Amino acid sequence: MLEAQDIVVEYGGVRALDQLSFSAQIGDVTAVVGSNGAGKTTLMNTICGLIQPVSGEIRLDGERIDGLAPDEIVRRGISLVPEGRELFPRLSVLENLLLGATVRPDPATRRTTLARIYELFPVLADRQSQKAGQLSGGEQQMLAFGRALMSLPKLLLLDEPSIGLAPMVEEQLISAIRDYSLENGIGVLIVEQNAMLALEYAQHAFVVEQGRVALSGPAATVRDDPAVIASYLG
Amino acid sequence: MQIVLNCLSLTSFYLCFALGLALVFGVMRIINFAHGEFFMIGAYVTYFCVATLAPQIGGPSAWLVGAIVAAAVTGLLGAVLYRAVVVPLADKPLAIFISTLALSYVLQTIVVQIFGPVGLSISPPLRGVVSVGGAILPASRVMVIVAAAALSTGLWIYLMRTEPGRRIRAVAQNPRGALLQGIKTRNVGNLTLIIGSGIAGICGASMGPISQISPYMGGPALWKAFIIIIVGGIGNVWGAVAAAAIFGVLDTLMSQFGGGRFLALTSAAIMLFVLSVKPSGLFGEKE
Amino acid sequence: MDLMTRIIVAGVFACGLTGYASAQETINIGVVQPQAGECAQWGVPITRGVQIWAEEFNANGGIADATGKKHQIKVTTYDNNCYTAGDELTAFRRAILDDKVNFILQTFTPASRQAVAQIATENKVLTTSYGAGYLNAKYPFLIGSVTGSPGSYMFLVSHLLETRPDIKKVAIVTADHSFGQAALAYYKAGITPYAKRVEIVYSQPYDPASTSDMLGLATPIFASSPDLIVELGFTPGQQALFIEAMEQLGYKGLYGSEGWTMGLVTERIPAAQLAGRVFSAYVVDASEPSFSPRVSKFYKSYVEKYGQKEWSVLASVAYAAMTTVEAGIQKAAAPTGDAVRQALFTTDTVDQPLFGKSHWGGAEMYGANNWLLTPLPVYVTDDKGGVKVDAVVDVAKWWNANKDAALPVLAQGGQVSANK
Ligand SMILES: Nc1ncnc2c1ncn2[C@@H]1O[C@H](COP(=O)(O)OP(=O)(O)OP(=O)(O)O)[C@@H](O)[C@H]1O
Ligand SMILES: [Mg+2]
């Protein structure tokens, strides 16, 4: 389980996260809903160790992970598919995937993980020696997922994975990820512009407003909340 | 024929020098102004080893020891530079630039204090001359050509075929993305600076015997290397190789046919032209 | 005047007098030369040459003027930032206005000399150099102490052509900067009297930055198949690399330059291979014992003090330049710039302590006879990497015989300022 308690993050004195607390179960899909600038990306980056909170605690299965370096957090099992994907455009698809396995050096593990990812996204296998920058948007997103999965995460963080994708592709990707997480017992924390879609696939959800959790609960409850419908699903 | 050999030999000079700088610049986007002084220190370390060891173990072995020690010393300097300058001043490229400039003067002054301002010469470890189809190639130049070729293929294999090399390329293309994969970008930066600086040291060791060594030899070499990496495409090590070849041929032909005094001018003009027409360099990819 | 005023006036007067007297005791000499940076390889040995010259006198109680009064010599150095004209002037201001020097040794670089001509002349500071360069009737305090640069280039090449009739083709290898351009003109002027039999087969100036590739530079020179190569602009290390490249290409002819650092050369090419083929002529080379016992002794003290490795012919050049000032001081009633200048110019010759009787010359070139034409020893290498005297050129005589041929060439090369 990932738990965040009272985390505060500031950018040059301005609060982006204001004593935010939430928890997410490994094995479940948890959706994060919020308007632009609410602090969702900040939250994801803080969990990954890219940003250090000013105060508060983050725990993974009871152990504190705030203050750890990003590579240690990846090693402990949290992997982020960031906003904008952050691929290595001039490296091949295969190289991108292998870099995802930086913290899992065992060659046999790498081989089996790679095979599973190719099974999940067969197009990546076909394109494995092509440069990442030459892939289509959807393929790039698959690569970003695949790369994140190469580190064998317990918890996968997805920051707006569907941005710029056709709705069909979007849905395919999200369901593929959900199926994969169910099969492998991985937790997913997903931030989506398309809140409807995210809430459909998620078991749990919470709403972030101005750096705070405004509402949380089972996805179905959140989906039916009148305020949520008015602000995010209308 | 002699001209062809001269082109080859000059290309290898340029390549040898530009390689380390292109690597560091490409991966870390920082300009190491002390790179020229690392090269100079490599030459002085070799001078010292040859002068003290040659009587006991012979010129070639003394040179080899010199080259290894030179790589070690400059690699260490690279590591120190990383810890002392690059890490504390991360995100302040101008401050890094100024600090490396300052470091270059400090190193120059130290060498002047130890070895004096007057240029020295490393007695060549290999003396003979290889003749190829009526043209000659002094053995010490063959050595530079071999060194440059070995360094570039070695670097190529390292970057393209090994896991640490792959990490270096990843950091070069997307440091943030690399961080998210669990790559210790700091270690990669440190490693890059060590390798780049070590190459400068080896280059100083191999160029030393065929050029005069002086505490001030780094400056002009650095300038030419800048031109080469800018023309070749910033951050593109292979572009630097191509640009080194272009200038190797061009400069040789110019000195051959009476344009020797315009060399500095034409190089600078070509650089400006490339910058204005294709700012990413001839072989550079768009960011 | 009341008593108080008188006492004050007397006191001030007394102080002034003693101050004046003590200034008379010491001769302040300024050396304006690069002390740091790349050019220190030239500036430092020059400075040391002057210092040893001064120490030789100081150890014996000082230098005696014409009245028999002995003066200690104090040498102060001023950096000119690698012969930058602006810094030359700054250095002169400090030397003349702050430190009240009487004499200055500086470079012969025309731009640097021009920059200080005014201040030196106004303050009557006798400013000399190890060669000619921006001499001018308007500035009588600017002199050239010895034949030196750039005249020696002309005398060297013509001496070689005169004594070696089998030389038919000459290559001139000079850098593309003002020293190099001057050298090119002087080398050409020295060849002109032999124009009927000698051809200049190479004279392309090179970019000093391109010297990192000596083989590239040497290839076209070798291809022009010269019998004699005259050079100016290489650093000592580059000279060695140049000779190495030429020898590797198979060159068998002669080399000439103002000086060679043979230690560096013989590290690459066996001395025996070069014996009798490498010539130099730059005022005097103290490492050669036969020309003058005095400079030979100077050489020994230099090497004792700084080591063999630090030896540079420039030290002897500076030392020789100071001996002309020395001759003036010994003939002058007081060691002031003005008195010494007058003493030196009372007749049109100077009894130079190292070179013997030497003529003032330069009028045809500079419009003023402020250049002391000291006889020029030409040195040639032996099979041990040392040098011996090949001949001593009577410079004044050569000039009289050949000036008609040489002057137009020098004028064309921009080296004649007499009629401007
Ligand atoms: N690097 C930064 N420096 C300063 N302020 C920042 C920085 N990044 C984000 N912010 C601010 O912090 C707040 C939260 O931003 P964040 O990117 O986390 O929002 P978000 O919920 O991800 O928005 P979106 O839906 O638009 O992606 C915003 O007010 C934003 O302007
Ligand atoms: Mg966001």
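Packing around the peptides C:228-234, C:400-406, B:52-58, taken as the average count of other Cβ atoms within 10 Å per residue, puts them in this order, highest first: C:228-234, C:400-406, B:52-58.
Here the relative contact order of chain C, from alpha carbon pairs under 8 Å that lie six or more residues apart, stands at 17 percent. Centroid-to-centroid, using Cα positions, the range B:210-287 and the range A:207-222 are 59 Å apart.
Suppose R0 equals 25 Å; then what is the FRET efficiency for C:Ala36 and C:Leu97 from their Cβ-Cβ distance, rounded to the nearest 0.05? Here the calculated transfer efficiency is 0.65.
Only protein heavy atoms count here; on that basis, with a 1.4 Å probe, A:Arg127 has an accessible area of about 80 Å². For C:Glu162 and B:Arg161, a Förster radius of 56 Å and the Cβ-Cβ distance give a FRET efficiency of 0.25, rounded to the nearest 0.05. Each of A:Ala108, A:Ile51, A:Gln25 was scored by the projection of its Cα onto the charge dipole of the range A:2-233, and the greatest displacement toward the positive side belongs to A:Ala108; charges sit on the C-beta of Lys, Arg, Asp and Glu. Taken residue by residue and averaged, Cβ atoms of other chains lying within 10 Å of the Cβ of B:260-267 number 6.
Counting Lys +1, Arg +1, Asp -1, Glu -1, what net charge surrounds B:Thr109 among other residues with beta carbon under 15 Å of its beta carbon? Don't skip to the answer; put the middle values down first.
On the way: positive: none; negative: B:Glu37, C:Glu38, C:Asp79.
Local charge sum for B:Thr109: -3.
Among residues other than C:Ala182 with Cβ under 13 Å from its Cβ, the summed charge is 0 (Lys and Arg +1, Asp and Glu -1). Straight-line cross-link reach from C:Lys69 at under 18 Å between alpha-carbon atoms covers these aspartates and glutamates, not counting any fewer than eight positions away in the same chain: C:Glu25, C:Glu55, C:Glu56, C:Glu326, C:Asp338. Toward the positive end of the charge dipole of the protein assembly as shown, with +1 on the Cβ of Lys and Arg and -1 on the Cβ of Asp and Glu, the farthest Cα among A:Ile163, A:Val228, C:Gly253 is that of C:Gly253. Quick one: net charge around A:Val222, please, counting Lys, Arg +1 and Asp, Glu -1 for every other residue with C-beta under 15 Å from its C-beta. Charge balance in the 15 Å sphere: -4. What's the FRET efficiency of B:Val87 with A:Arg116 using the Cβ-Cβ distance as r and R₀ = 35 Å, to the nearest 0.05? The pair B:Val87/A:Arg116 has a calculated efficiency of 0.40.
Under the criterion of Cα pairs below 8 Å and six or more residues apart, the relative contact order for the range C:235-311 equals 26 percent. Per-peptide packing, taken as the mean over residues of other Cβ atoms within 10 Å, places B:207-215, A:135-143 in the sequence B:207-215, A:135-143 from highest down. For a straight C-alpha distance cut-off of 28 angstrom, the lysines reachable from B:Lys184 (same-chain residues fewer than eight places away being disregarded) are A:Lys40, A:Lys131, A:Lys154, B:Lys92, B:Lys286. Which of the aspartates and glutamates could be linked to C:Lys331 by a straight reach, that is with a Cα gap under 12 Å, when you skip same-chain ones fewer than 8 residues away? Of all the aspartates and glutamates, those that pass the test against C:Lys331 - Cα under 12 Å, at least 8 places apart if same chain - are C:Asp65, C:Asp351.
Across the cross-link table entries C:Lys297/C:Lys388; C:Lys196/C:Lys403; B:Lys224/C:Lys169; C:Lys169/C:Lys403; C:Lys300/C:Lys384; C:Lys297/C:Lys397, which are compared at the Cα atoms, the separations over 24 Å belong to B:Lys224/C:Lys169; C:Lys297/C:Lys397. Legend: mean number of C-beta atoms from other chains within 10 angstrom of residue C-beta atoms, peptide B:112-125, equals 5. Cysteines in chain B lacking any other cysteine Cβ under 4.7 Å from their own Cβ: B:Cys7, B:Cys49. Potential lengthening of the chain between C:Gln342 and C:Ala64 amounts to 98.4 nm, from the contour at 0.36 nm per residue minus the alpha-carbon distance. Taking a point 7 Å from the Cα of B:Thr52 along the Cα-to-Cβ direction, the residues of the range B:73-108 with backbone N closer than 14 Å to it are B:73. Normalised by the number of residues in chain A, the average gap of Cα pairs under 8 Å and 6 or more apart makes the relative contact order 29 percent. Modelled spin labels at C:Ser225 and B:Ser61, positioned 7 Å past Cα toward Cβ, are 4.6 nm from each other. The range A:15-45 and the range B:117-174 have Cα centres separated by 53 Å. The calculated 222 nm mean residue ellipticity attributable to helices in the protein assembly as shown amounts to -16500 deg cm²/dmol, summing -39500 (n - 2.57) over DSSP H runs of n ≥ 4 and dividing by all residues.
Within 10 Å of the Cβ of each residue in B:203-212, the mean number of Cβ atoms contributed by other protein chains is 3. For the pair the range C:120-182 / the range A:70-138, the C-alpha centres are spaced 72 Å from each other.
Taking A:Asp106, C:Asp87 and ordering them by how much accessible surface each has at a 1.4 Å probe, largest first, produces A:Asp106, C:Asp87.
The values are calculated or read from the model by the stated rules, or taken from the named source; none is laboratory data. Keep in mind it's a predicted model, so treat the numbers as computed, not measured. Please note: Cβ atoms are built from the backbone with ideal geometry, for glycine as well, and neighbour counts cover all protein chains shown. All accessible areas refer to the heavy atoms of the entire protein, side chains included, with ligands and DNA or RNA removed. Shrake-Rupley method; radii C 1.70, N 1.55, O 1.52, S 1.80 Å.
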